[in-house]
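Each remark here refers to the structure printed beneath this line.
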Amino acid sequence: MSTQNSKSKSDAPGVEAASGEAFTSYLDYLATVQEKFAASVKESRERTARVNDILVNAVLDAQRDAIATSKRIAANPQDAAANVKIVIDAATAAQERTLTLAKSLYQEQADVAAEFRKLWEGAMKSSNELSEGAKKFGSLWKIA
């Protein structure tokens, strides 16, 4: 007694081709997602380094200015008028540093939001591409 496959031999190459196409489509999708993920990780690392540099530089500049201000006041502690001017100048410099820091952090946050928006749009497009590949792959198993 012989068992016969329900599919004819002429259907097999078409099924294999469709299967290969669907699998290739899926692998292309994975490669695209991996490239986007790698780029995102790299950009995130670079952004983190920039933010850390900005914060560390702001702290170090503030410490330097505090020491310089203290030295200037200590050089002539009896001159109240000059010391008030020194303190006001130091406070103004600190405000400028703070404003520069806030602008830099705001710009980084805006860049993150723009990147997230771009990634989200890409994810939606990729999701649509994946669903098309899944439909092709799923069509290989027809349910009677």
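The values are calculated or read from the model by the stated rules, or taken from the named source; none is laboratory data. Note that this is a predicted model, so its numbers are computed, not measured. Positions of Cβ are generated from backbone atoms using ideal geometry, with glycine treated the same way; all protein chains shown enter the neighbour counts.
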From the list Ala68, Ala114, pick out the single residue that is surrounded by 12 or more Cβ atoms within 10 Å (Cβ to Cβ) and either in a helix (DSSP H, G or I) or out of contact with any strand residue (DSSP E or B) (no Cβ under 7 Å at 6 or more places or on another chain) (or both). Ala68
Subset of the stretch 33-63 [surrounded by 11 or more Cβ atoms within 10 Å (Cβ to Cβ), of a type in the set (Lys, Arg) and under 24 Å from Met124 (Cα atoms)]: Lys36
Return yes or no: is Val33 in a helix (DSSP H, G or I) and closer than 21 Å to Leu105 by Cβ? no
Restricting attention to the stretch 46-62, does a residue exist that is within 28 Å of Thr32 (Cβ to Cβ) and among the small types (Gly, Ala, Ser)? yes
Top-ranked residue in the stretch 74-107 [being in a helix (DSSP H, G or I) and over 47 Å from the mean Cα position of the chain (by Cα); ranked as nearest to Leu55 (Cα to Cα)]: Ala74
Determine whether Arg64 is of a type in the set (Lys, Arg), at pLDDT below 95 and out of contact with any Gly (no Cβ under 8 Å at 6 or more places or on another chain). no
